[in-house]
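Below: the structure, in structure tokens.
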Amino acid sequence: MNHLTENEMLQVVDGSMLNGEKTRILVHLESCPRCRKEVEFSRNLERAARSAPLSKPSREFTARVMGRIAPQLKPSIGTWFINNLANILAMTLVLTVVWYAVTLKKADGPATGPTVVSNALAVYSEYYAKVRELFPADRIRAVQSPMTDQSAETNKIILFTVISILILVAVDRLVLRRVIRLRR
Amino acid sequence: MQITDVTLIQRILAGEKKAFAELVDRHKDRGMTLAMRMLKNREEAEEALQDAFIRAFSALPRFEWKSSFSTWFYRILYNVCATRLSRRGEDIHMHLDGSEGEGGFDVPAEDLLPDEKYESDEFQSMVTREIEALPALYGSICTLFFMQDMSYDQIVEITGLPLGTVKVRLFRGRMLLRQSVGRRLGSGKLKVV
Ligand SMILES: [Zn+2]
């Protein structure tokens, strides 16, 4: 009596016996306790293989993966610096203007009414806010509107400040950002 | 109702990066099992798994919606592990020819167990140990077959091996497992009472 081959036994386990062979295999199994036992062994073995416990990575695994991914999500300090370069330069400029106005006032002696410093500061902050908000469509209106009772010298400082800021904002928006995008 | 992998992927692609953590949590244990059965080293398996998840994250915009995330991810993981194996000088991609074997059984009938013994924890852990000890060549394919209940077609998609090779390896893997467990039974590690 020929026992089942390994291949036939797996076909029985998988339920994938070929139609032509099926009857012969089943008839043999019916009459052969040894092959029945082998098939039973294989069935149980494979059931155990399917329910084998899974290996687990360490507990902080997910956090570590997310940590490795995070640098791809956050912009670097360098990128932040370049993105805000116009703001940084504008603040430097303001401080220079203020310093210039203060030293100018000291040389001229005490002044009455609104000082050069307070005028410059008030006008500058108003302009800067408007320029950042309205640029580039309303650039001209922003330069013209609040200019009323200023001395000729203060006007010069303001105009210089505004033009500098406009140039910086334009450089920031049109040149630096494009360069950064290209470098990525 | 659990959110599907597809929904999670859509969220990640829409910018919700945290959804990726959920995807990692869902697939890390099965992924670790496959990596362990290929690399046989915990530390290296975890590194490979991490590497595979990071690659999957970067490649997510190119995710092929026609296959499931698990099939797509296991392909990445399988390749990461196969590369590590080939660096060690073990080539898992080599093609085997030869027949599926038509010989008799290696397990003597007297070593086989009465049915109730198969339910024991001892038998379960013996089988687990033996499946973990299978060579990577067979262990990888048997793991995909047993753990994931994958079809031949899915295993072909993951491993990139020809169908014939997958069939031969799966057959040999199952036979090796049968023989090694049979030998353990014969050596009296799990006595019939
Ligand atoms: Zn028989």
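The values are calculated or read from the model by the stated rules, or taken from the named source; none is laboratory data. Just so it is clear, the structure is predicted and the values come from calculations on it, not from any experiment. Because the Cβ atoms are built from the backbone with ideal geometry, glycine has one as well, and the counts that use them run over all protein chains shown. The protein model used for the area step is the full one, side chains on, heavy atoms only, and it has no ligands, DNA or RNA in it. Shrake-Rupley method; radii C 1.70, N 1.55, O 1.52, S 1.80 Å.
The table that follows gives values for the structure above.
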read-out: Qualifying residue in segment B:78-90 (condition: part of a loop (DSSP other than H, G, I, E, B), at pLDDT below 85 and in contact with a Lys or Arg (Cβ under 7 Å, 6 or more places away or on another chain)); value: no
read-out: From B:101, B:15, B:31, residue being modelled with pLDDT under 95, facing chain A (nearest Cβ under 10 Å) and more than 16 Å from residue A:69 (Cα to Cα); value: B:101
read-out: Where a residue in segment B:75-91 is in the same structural domain as residue B:36 (by TED's automatic domain parsing) and over 10 Å from residue B:39 (Cα atoms) and its partner, wherever it lies, is open to solvent by 10 Å² or more (accessible area, probe 1.4 Å) and among the basic types (Lys, Arg), with Cβ under 6 Å and at least six apart; value: B:76/B:55
read-out: Pair list, Cβ under 6 Å, 6 or more apart: segment A:33-59 residue more than 7 Å from every other protein chain (Cβ to nearest Cβ), other residue open to solvent by 70 Å² or more (accessible area, probe 1.4 Å); value: A:35/A:3
read-out: Residue A:45 crowded, with 17+ Cβ neighbours inside 10 Å and not in a loop (DSSP other than H, G, I, E, B); value: yes
read-out: Residue that is surrounded by the most Cβ atoms within 10 Å (Cβ to Cβ) [pool: residues in segment B:33-52 that are part of a helix (DSSP H, G or I) and among the polar types (S, T, N, Q)]; value: B:33
read-out: Unmet requirement for residue B:168, which otherwise passes all of (1) within 12 Å of chain A (Cβ to nearest Cβ); (2) surrounded by fewer than 20 Cβ atoms within 10 Å (Cβ to Cβ); value: (2)
read-out: Top-ranked residue in segment B:1-29 [being assigned to a helix (DSSP H, G or I) and polar (S, T, N, Q); ranked as nearest to the chain's Cα centre (by Cα)]; value: B:7
read-out: Every residue from segment B:122-138 that is open to solvent by less than 40 Å² (accessible area, probe 1.4 Å) and away from every other protein chain (no Cβ under 11 Å); value: B:136, B:137, B:138
read-out: Complete set of residues in segment A:1-35 that are under 16 Å from residue A:45 (Cα atoms), assigned to a helix (DSSP H, G or I) and more than 12 Å from the ligand (Cβ to nearest atom); value: A:6, A:7, A:10, A:11, A:13, A:14
